[in-house]
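Input: a single structure, listed below in structure tokens.
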Amino acid sequence: CPTPAELRPQNGTRICALLYADNSPYYDQCCAGDVLEVAPGSDVPYMPWKWSGTISSLVVGTRCELNVWSRRGKTGKTRRFGA
């Protein structure tokens, strides 16, 4: 997995989080498969249909915070992730 400080795409624009579809019990094989990028200041009350229930690992960048909810529309239990 990339470190939180490494969350920058090719063009240098900042990314706050990367969400991955595949995971593994072996650390060197984690953070694989499709990737969903979360830009700074994003406010997304609904996950894209393809991603609902499929995220298995994530990396949150420095000076960023990712808030997630257990139900759509920002309802249910919430969890906060940081670098």
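The values are calculated or read from the model by the stated rules, or taken from the named source; none is laboratory data. The structure displayed is predicted, hence computed values, not measured ones. Neighbour counts are summed over all protein chains in view; Cβ atoms, including those assigned to glycine, are modelled from backbone coordinates with ideal geometry.
Here are some notes:
- Criterion violated by Q29 - all others in (1) out of contact with any Gly (no Cβ under 7 Å at 6 or more places or on another chain); (2) modelled with pLDDT of 85 or more satisfied: (2)
- Selection from region 10-47 of residues that are free of Cβ contacts under 8 Å to residues at least 40 places away in the same chain and touching an Asp or Glu at 6+ places or on another chain (Cβ under 6 Å): A21, A32, G33
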